[in-house]
Amino acid sequence: MRTLDELLAEAPVFAGLPQDALTLIAGCAKNVGFAEDELLFREGEQADTFYVVRRGRVALELHTPERGGLVIETIEPHEVVGWSWLFEPYRWHFDARADTPVRAIAFDGACLRGKCEDDPVLGFELMRRFAQVAIDRLQHARLRLLDVYGGAGVR
Amino acid sequence: MAAPASAEAPVRGAMTPVPHRVLSRVQETADTWTLELDPLSEPVQPRAGQFDMLYAFGVGEVPISTSGDHEGGPLTHTIRAVGAVTRALCALEPGAVLGVRGPFGSVWPLGEAAGSDLLVVAGGIGLAPLRPAIRHALARRDDYGAVSVLVGARTPDDLLYVPELERWRSRLDVEVDVTVDSAAAGWHGRVGLVTTLIPGAVVDPAKASAFVCGPEVMMTFVVRALLERDLPLERIWVSLERNMRCAVGHCGHCQLGPTLICRDGPVFPAAAMTRLLEVREL
C-alpha cells in the first residue's frame, strides 16, 4: 500500500519537493472519498480544508438567482481544489461538488498554515506553488472571458 | 488568336457556381445547420480541409469548409448563421437550390500524418472542417497510431455532431475528450479551456501529428500548449479563415502577411503561421 507522501508526490503542486517536506505536508493530510453529487465545500463556509483529486472529477459551481447553478470549472485527477485556505478571510468563494465518485487527499489548511509559519522556506515554496495554480486558473478564466467561440461574424 | 497558356490558370469553372439542390437540412445547434447537397450538373468533390464557395442566390457568397466525406456521398457543409448570407443558406429547405464553386484550397496532410499518432484539436465550429479528417483516420484506423480528438465549445448546447461524438467515444481505438467554457449545473463533463485537455491526451508527442481548427486566438494558445507538450512545431497544422471572397487568389481580401488564405491555405503548417497570427495589425 502506498503512503500518503508517495501519493502527494504525484500531484504537480507538490512534485519535486524534498522527502522531508512531503512527510511534513502528509502529516496534515488524509484520504477521503465523496459520492457523486456530494459537496466538498459550500460557498461562504470556512475554508479550512483543501484537496488534491486522486480519482474522479470535481465541479466548481456558482449559484445565481437568475441562472441557477453554473459550473465554472472542473477539476481533474492530480489537480488542486481550493486555495482560499491560504488567504484571509479563509472563506470559500464557490461550491465544490463531486461530479463523479471522487477519491481525494484532504489537507487540514490550518495545520499546514502553521507548519508554513514555523518553516518559512517551506511556506515560501508552497506559496509560490499555489500562486502558480491560482495564476493558471486566472489566465484560463481571462481567456474564457474572450468568449472566442461566440464571436459573431458579418457574412 | 489563342490565349496564352498560364501556369496558374484558375481551376476549370472556378468562377462559375454549379447549382446544387438541398437534400437535407439538420439543425446542429441553435445557430448552426448542416446541409447535404446534390449536384444538378458536374459534382464538386472537396477533400478533407478544403472549402467551397456557397452562393445564396440574390444574397451573396461565403466560403464554407467541407464537413463530410464525399466518397460517393452528398456534398456536406455545416454553416453557422452569423450574417445575411449564412442566415439565408441556413434557411434553405430541402429542395431549394444554391450555387457551389470549388473545391478550393489545401488539405489536411493525412498522408503525411499516416504512421504517426494523430491529435485533433477542435474549437467551436472548427470541428466541422476537421470532421472529414477524423472520419478518414477512423476509416483507415490501422494507418495511424493513437488517435485523440479534443473538442472545446462555448456551452454543452453549442457542441456539434453530438451523436457522432458519442459514436466515436464508444470506440476503443480513439480517445474523445470534450470540454466547454461554461455549463449549467447538471452537466457531467469537463468545464475549462480546450488547452487543458492537451496534457492528458494519449498521444506520444515524439511521434504525433496535430491538426488544429477553431478561432484564431484559440489556435494560438493550442499551438503553445502543444509545444509545451513537446510536439514538434513542424508536426502541427492549423486551418485559418479570413475574408475569402474570390477563392482563387485574385482579389486579395484574405491576405495574411505574404500569404493568401484561399490560395495557399486554409490548411497551413503552424510553423508558417504562428508568428503571423501574433501580429496585431494583420
For this session: Put one equal scatterer on each alpha carbon of region A:20-90, apply the Debye formula with no solvent term, and list log10 I(q)/I(0) at q = 0.18, 0.23 1/Å to two decimals.
Result: -0.83, -1.25
Exercise. How big, on average over all directions, is the shadow cast by the Cα convex hull of region B:110-277, in nm²?
Worked result: 9.9
For this session: Provide the per-residue ³J(HN,Hα) series for region B:87-102, in order, calculated from phi with Karplus coefficients 6.51, -1.76, 1.60 and θ = phi - 60°, each as a whole number of Hz, with x at glycine and proline positions.
Result: 5, 5, 5, 5, 8, 5, 8, x, x, 5, 10, 9, x, 10, 10, x
For this session: For region A:100-155, just say rounded, prolate or oblate: build the C-alpha gyration tensor, square-root its eigenvalues into a ≥ b ≥ c, call rounded for a/c under 1.5, and beyond that prolate if a/b exceeds b/c, oblate if not.
Result: oblate
Problem set entry | Cleavage-rule hits, chymotrypsin sites (Phe, Trp or Tyr not before Pro), region B:40-84, DSSP coil, Cβ neighbours within 10 Å at most 10 | none
Problem set entry | Gyration tensor over alpha-carbon atoms, region B:95-154, equivalent ellipsoid semi-axes in Å | 25, 16, 10
Exercise. For B:Glu278, B:Glu241, what ranking results if the residue with the fewest other Cβ atoms within 10 Å of its Cβ goes first?
Worked result: B:Glu278, B:Glu241
For this session: Mind checking which of A:Leu122, A:Ile75, A:Val148 is farthest towards the positive end of chain A's charge dipole, using Cβ charges of +1 (Lys, Arg) and -1 (Asp, Glu) about the Cα centre?
Result: A:Val148
Exercise. Based on the Kirkwood radius over alpha-carbon pairs, what is the Stokes-Einstein translational diffusion coefficient of region B:18-104 at 25 °C with 0.890 mPa s viscosity, in µm²/s?
Worked result: 197
Problem set entry | Average other protein chain Cβ within 10 Å of Cβ, residues B:176-182 | 4
Exercise. Restricting attention to region A:32-117, which trypsin sites (Lys or Arg not before Pro) occupy a DSSP loop and are surrounded by at most 12 other Cβ atoms within 10 Å?
Worked result: A:Arg67
Problem set entry | Furthest towards positive pole of dipole, B:Gly124, B:Pro43, B:Ile79, structure part the protein assembly as shown, Cβ charges | B:Pro43
Seminar exercise, completed: At q = 0.14, 0.19, 0.20 Å⁻¹, the log10 of I(q)/I(0) for region B:1-150 from a Debye sum over equal Cα scatterers comes to -0.71, -1.13, -1.21
Exercise. Which one of B:Thr274, B:Ile64, B:Cys254 is farthest out on the positive end of the charge dipole of chain B, using unit charges on Cβ (Lys, Arg +1; Asp, Glu -1) and the Cα centre as origin?
Worked result: B:Cys254
Exercise. Tell me, Kirkwood radius of chain B from alpha-carbon pair distances, in Å?
Worked result: 19.4
For this session: Could you go through region B:250-266 in sequence order and give the Karplus-derived ³J(HN,Hα) for each residue, using 6.51 cos²θ - 1.76 cosθ + 1.60 with θ = phi - 60°, rounded to whole Hz, and x for Gly and Pro?
Result: 9, 7, x, 5, 9, 5, 10, x, x, 10, 10, 4, 5, 8, 9, x, x
Exercise. For region B:223-272, rounded, prolate or oblate, judged on the Cα gyration tensor with a ≥ b ≥ c (square roots of eigenvalues), a/c < 1.5 rounded, else prolate if a/b > b/c?
Worked result: prolate
For this session: Calculate the dipole size of region B:18-104 relative to its Cα centre from +1 charges on Lys and Arg beta carbons and -1 charges on Asp and Glu beta carbons; express the result in debye to the nearest 20.
Result: 200
For this session: For region A:10-19, just list the computed ³J(HN,Hα) in residue order, Karplus coefficients 6.51, -1.76 and 1.60, θ = phi - 60°, integers in Hz, with x standing in for Gly and Pro.
Result: 6, 7, x, 5, 10, 4, x, 5, x, 4
Problem set entry | Rg over Rh [alpha-carbon atoms, Kirkwood Rh] for chain A | 1.02
For this session: For B:Leu118, list long-range residues whose amide hydrogen, built 1.01 Å from N in the peptide plane, is under 5 Å from its own amide hydrogen.
Result: B:Gly145, B:Ala146, B:Val147, B:Ser148, B:Ser209
Exercise. Across every pair of different alpha-carbon atoms, what Kirkwood hydrodynamic radius in Å does the protein assembly as shown reach?
Worked result: 23.9
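A short reminder: the numbers here are calculations on the coordinates, not readings from a lab. Keep in mind that what you see is a predicted model, and the values were worked out from it rather than measured. Cβ sites come from the backbone with ideal geometry, for glycine too, and all protein chains shown count toward neighbours.
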